[in-house]
1. Could you list, ordered by first residue, the pairs with Cβ atoms under 6 Å in which the first is in segment 158-178 and more than 21 Å from Asp137 (Cβ to Cβ) and surrounded by 14 or more Cβ atoms within 10 Å (Cβ to Cβ) and the second is among the small types (Gly, Ala, Ser) and at pLDDT 95 or above, at least 6 apart or interchain?
2. In segment 1-43, what count of residues is obtained for those that are β-branched (Val, Ile, Thr), within 17 Å of Ser79 (Cα to Cα) and assigned to a loop (DSSP other than H, G, I, E, B)?
3. Can you tell me which residue within segment 134-151, out of those that are charged (D, E, K, R) and either closer than 18 Å to Phe105 by Cα or surrounded by fewer than 15 Cβ atoms within 10 Å (Cβ to Cβ) (or both), is modelled with the lowest pLDDT?
4. Mind checking which residues of segment 14-59 are β-branched (Val, Ile, Thr) and out of contact with any Lys or Arg (no Cβ under 7 Å at 6 or more places or on another chain)?
5. Could you please let me know if Asn73 is surrounded by fewer than 16 Cβ atoms within 10 Å (Cβ to Cβ), over 13 Å from the mean Cα position of the chain (by Cα), within 24 Å of Met163 (Cβ to Cβ) and of a type outside the set (Asp, Glu)?
6. Restricting to segment 24-41, count the residues that are of a type in the set (S, T, N, Q), under 22 Å from Lys58 (Cβ atoms) and touching a strand residue (DSSP E or B) at 6+ places or on another chain (Cβ under 7 Å).
7. May I ask you to list the residues in segment 59-95 that are under 22 Å from Ile25 (Cβ atoms), touching a helix residue (DSSP H, G or I) at 6+ places or on another chain (Cβ under 8 Å) and among the charged types (D, E, K, R)?
8. Any idea which residue in segment 44-69 is surrounded by the most Cβ atoms within 10 Å (Cβ to Cβ), counting only those that are more than 13 Å from the chain's Cα centre (by Cα) and assigned to a loop (DSSP other than H, G, I, E, B)?
Amino acid sequence: MTTEEMLRLKGIHIAPYIQLATNLIGKSRSGGGNMFRHQLDTMAILVDYNHIDSMLLKAAVVHDVLEDIPDFNHNLLMSIDYESSSVYELVREVTRIPNETKAEFLTRIFETGSWNAKILKVADRISNMITLGFVNDMEFVRRYTIETEKFIFPIAEIVNKYMLMELEYLVKSRRKYADDFAKIKSEELYIDTSNFI
């Protein structure tokens with residue numbers, strides 16, 4: 001990170017967004033941790049890939065509040081600072097609308113999503129794929145890797161080839177994890193217990 005980039009980050013008014021995101025602390029994740037940490041992980045991934053636009057980082061910190069906080073008062077988000085309305089619109093863009101399937105949602109992001117929505121969705125999926133290594137539901141792991149390959153790879157290909165490379169590695173490693181898990185389970189079924197006392 002250059003000094004100029006550091007100074008850009010230094011000037012971001014992000015603490016109120018982090019405070020708002022702390023409402024997600026009680027929302028656990030199947031791979032461990034909670035939804036608050038996931039918001040910060042997503043922001044860190046964006047910084048890691050040098051996406052340091054202030055509005056994008058603020059949206060990353062609160063990208064799940066509309067979806068995961070029941071009856072969320074959007075005025076809390078809209079009244080933070082001069083970028084609040086843009087942050088809110090981006091968060092709305094990366095939030096599934098009622099009755100929208102996951103496939104429809106991800107296709108919408110790919111076909112009509114803004115550049116920032118695409119980048120945010122890819123960073124979000126990288127975070128999710130990392131924690132997928134701690135999920136023990138292998139059918140979910142398989143479905144999620146297929147979904148990532150089908151819907152997220154094309155988005156990543158548009159916005160950042162290095163993010164795509166990380167996703168490709170994560171999909172490959174999570175599939176190996178699922179295969180190894182299945183192999184261990186099948187071996188456990190065929191253990192000869194006749195000599196056990």
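1. Partner pairs satisfying both residue conditions: Met163/Ala156; Leu164/Ala156.
2. Adding up the residues that qualify gives 2.
3. Residues of segment 134-151 charged (D, E, K, R): 137, 139, 142-143, 147, 149-150.
Those left that are additionally either closer than 18 Å to Phe105 by Cα or surrounded by fewer than 15 Cβ atoms within 10 Å (Cβ to Cβ) (or both): 137, 139, 143, 147, 149-150.
Working: Asp137: 78, Glu139: 86, Arg143: 91, Glu147: 96, Glu149: 96, Lys150: 97.
Across segment 134-151, the extreme among qualifying residues is Asp137.
4. Going residue by residue through segment 14-59, those that are β-branched (Val, Ile, Thr) are 14, 18, 22, 25, 42, 45, 47, 52.
Listed by number, the residues that qualify are Ile18, Thr22, Ile25, Thr42, Ile45, Val47.
5. no
6. Of the residues in segment 24-41, the ones of a type in the set (S, T, N, Q) are 28, 30, 34, 39.
Checking the rest, the ones that are also under 22 Å from Lys58 (Cβ atoms) come to 34, 39.
Checking which are touching a strand residue (DSSP E or B) at 6+ places or on another chain (Cβ under 7 Å) leaves us with 34.
Result for segment 24-41: 1.
7. Across segment 59-95, the qualifying residues are Asp64, Asp68.
8. This residue is His51.
The values are calculated or read from the model by the stated rules, or taken from the named source; none is laboratory data. Everything numeric here is computed off the predicted structure, so don't read it as measured data. Positions of Cβ are backbone-derived with ideal geometry, glycine not excepted, and every protein chain shown enters the neighbour counts.
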